[in-house]
1. Can you tell me which residues in segment 23-69 are β-branched (Val, Ile, Thr) and within 22 Å of Asp80 (Cα to Cα)?
2. Considering only segment 67-80, I want to know if a residue exists there that is closer than 21 Å to Ala30 by Cβ and polar (S, T, N, Q).
3. List the pairs whose first member sits in segment 17-43 and is at pLDDT below 85, whose second member is part of a loop (DSSP other than H, G, I, E, B), and whose Cβ atoms are under 6 Å apart, counting only residues at least 6 apart or on separate chains?
4. Is there any pair linking a residue in segment 91-120 that is within 30 Å of Arg79 (Cβ to Cβ) and at pLDDT 90 or above to one that is assigned to a helix (DSSP H, G or I) and not hydrophobic (A, V, I, L, M, F, W, C), with Cβ under 9 Å and at least six apart or on different chains, and which?
5. Say we look at segment 56-70 and pick out the residues that are touching a helix residue (DSSP H, G or I) at 6+ places or on another chain (Cβ under 8 Å) and at pLDDT below 95; which of these is nearest to Val88 (Cα to Cα)?
6. Whether any residue in segment 46-58 is surrounded by 11 or more Cβ atoms within 10 Å (Cβ to Cβ), among the charged types (D, E, K, R) and either under 17 Å from Gln32 (Cβ atoms) or touching a Pro at 6+ places or on another chain (Cβ under 7 Å) (or both) is what I want to check.
7. Out of all the residues in segment 41-100, which are assigned to a helix (DSSP H, G or I) and among the β-branched types (Val, Ile, Thr)?
Amino acid sequence: MKFYLFILFLFIWQTTFCQMNYRPSAQELAQQPLWVNKMFENQPNVFEIDSLYRNYYRTHPFTKSFYTQFYKRWRIANRDKVNDQGFVTVYSPQQLLDIKQEYLAKQSLLKNSNWSLVGPIHNTQGNGALGSGQSNVYSIDQCLGQPSVLYL
């Protein structure tokens, strides 16, 4: 039993620390292109780094490395956090909550139509069993007698 607990502990410990990205040493960064050095600055400018990255690989053959993979992951992780000047904006939990509340309030103001759900609420398969909850709309038609009625 102790052996299994020890193995479990090692597995959890390894998976906890294996995905951390550490900042390369100054020696390592000195041997890398400018775009890599800019990426590891304290306040990196995403637009500038994108431009340096593209310009570098216009004149150099692309080789997959730790830095190109880090760049790819870094861009994906920060794509929604870049402000108009190109800097990554880090929000506190309270700021994120305020942004969400503001968005929901704006959405409730925009959704003031008089449309309502008339059905079907549950769809069924051909044998009468409850369906998957999804149906495809293949056509839409407007009633000539009552233009406010649409047929799906």
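The values are calculated or read from the model by the stated rules, or taken from the named source; none is laboratory data. What you see is a predicted model, and the numbers here were worked out from it, not measured in a lab. Note: ideal-geometry Cβ built from the backbone for every residue, glycine included; neighbour counts use all protein chains shown.
1. As a first pass, look at segment 23-69 and keep what is β-branched (Val, Ile, Thr): 36, 46, 49, 59, 63, 68.
Hits for segment 23-69 are Val36, Val46, Ile49, Thr68.
2. Within segment 67-80 (the criterion being closer than 21 Å to Ala30 by Cβ and polar (S, T, N, Q)), the answer is yes, since at least one residue qualifies.
3. If the second residue must be part of a loop (DSSP other than H, G, I, E, B), the pairs left are Arg23/Phe40.
4. none
5. Phe70
6. There is at least one residue in segment 46-58 that is surrounded by 11 or more Cβ atoms within 10 Å (Cβ to Cβ), among the charged types (D, E, K, R) and either under 17 Å from Gln32 (Cβ atoms) or touching a Pro at 6+ places or on another chain (Cβ under 7 Å) (or both).
7. Within segment 41-100, Val46, Ile49, Thr59, Thr68, Ile76, Ile99 meet the criteria.
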